[in-house]
Amino acid sequence: MSNSDYAVTFACYNQLKYTRMCVDSMLKHGFDLRKLVVVDNGSTDGTREYLQALPLGGCIFNRENMGCGVAWNQGSLALQAEWTIIMNNDILVSAGWADNLVAAAETEGLKVISPAMIEGDLDYDFDSFAVYASDKMRNVFRKGDVHAVCLAVHHSVWMEVGYFRAEPKLFGYEDTLFFHELQKAGIPRAITGASWLHHFGSVTQAAMKEERGFSQKEGLGNPYNYRLLNISWKERKLRKWRQKRQQKKWRRMELENYRMSVYGVRNNGQFRWL
C-alpha cells in the first residue's frame, strides 16, 4: 500500500450508465470521492445532475466537448497532488487499485504506471478475480509500456514533458503524443500486475463515432495526426514492429510463469490473454 498523496480524474461525455458504474465501483471499495475530479464535456443525458449530487473533490462542466486533452489537463490541475491518476469513465476498479498502483510505481522507481486490465464482457466475478490476479502478478511489470485507459503520472512528469496537448480536434490522439514525449524524455514507465481494472471498451469513442456517422473502424481524428510526432514513416513502422515483438515476448513469459498475462479480453465466457 502507498501513503503517497494522489488524486484521480476522468472526463465524461454522456454515457451516464458507465460513469455511474465506475463511481459505484470506487465507493464499493472505500474510495474517498474527495480525491476525484470529474470533467464533463457537455453531457445532455443526466450526467451533470448525477455528478452534482456526488461529494466530489471537484467537478468541471464544459459547455461543449473539449476533447480528452483539455479535460485531462483541467482535472489534473484542479486537484494537484504528488500523483495524478487519469482514467476512462467506462471502467470498474478493484480493491486497493489506486494504492497498489502508486505503491508499485514507487517501489520500482517509475514515474508513469498503468494497471493490468480485462476488456470486454463482464460475465465473470471481477472483484474476486482482481484480488487473485493482483496477488499472483504483483511482481510483474511490462517496463516501457503504458496505456491510456488508466495511468498514474508523477507530478515531476508535468514539469519535465508538460501536460496533454489541448486541441479538441485531436479526438483521442492526445495519449499518443503524450506517450511519444515520455519516450523521448526517457521517463521510466510500466504496466503492473499489482493493480487491475475492467474496461468495457471505449464506449464514449464509439458513441461519438455513431453521432458523427462514422463506422466503428474509422478514426475520429484527422488521419494526418501522425505528422505531429515529427518522425519518419520508417521510424513509426519500426516502433510498431518493436512494440509488437516486445508485447509477444512479455505475453509468452507471463503465460509460462503465471498462465495469464496483464492484459486479457473476455469474450464468450473465456479469457484471451494478449
Point to revise | Shape of the chain, Cα gyration tensor, a/c cut at 1.5 | key: rounded
Check your understanding: Which lysines have a Cα less than 17 Å from the Cα of residue 28, not counting those fewer than 8 places away in the same chain?
Key -> 17
Exercise for review: Work out, step by step, the length gained on full extension between residue 33 and residue 234: first 0.36 nm times the residue separation, then minus their alpha carbon distance; give nm to one decimal.
Suggested key: 67.8 nm
Practice item. Assuming a ≥ b ≥ c are the square roots of the Cα gyration tensor eigenvalues, decide whether region 17-99 counts as rounded (a/c under 1.5), prolate (otherwise, with a/b larger than b/c) or oblate. Key: oblate
Exercise for review: Classify region 66-132 as rounded, prolate or oblate from the Cα gyration tensor: take a ≥ b ≥ c as the square roots of its eigenvalues, call it rounded if a/c is under 1.5, otherwise prolate when a/b beats b/c and oblate if not.
Suggested key: oblate
Practice item. With an 8 Å cut-off on Cα pairs and a minimum separation of 6 or more residues, tell me the relative contact order of region 21-124 in percent. Key: 28 percent
Revision key, fill the gap. At the level of C-alpha centres, the distance separating region 176-200 and region 90-159, in angstrom, is 10 Å
Check your understanding: Could you name the lysines in cross-link range of residue 169, using Cα to Cα under 17 Å and dropping any fewer than eight places away on the same chain?
Key -> 209
**Study point:** Potential extension, residue 48-residue 248 segment - 0.36 nm per residue separation minus Cα distance
**Key:** 67.8 nm
**Study point:** Relative contact order of the chain, pairs being alpha-carbon contacts under 8 Å that are 6 or more residues apart, as %
**Key:** 22 percent
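Bear in mind that the values in this text are calculations on the coordinates, not laboratory data. Just so we're clear, the structure is a prediction, and the values are computed from it rather than from any experiment.
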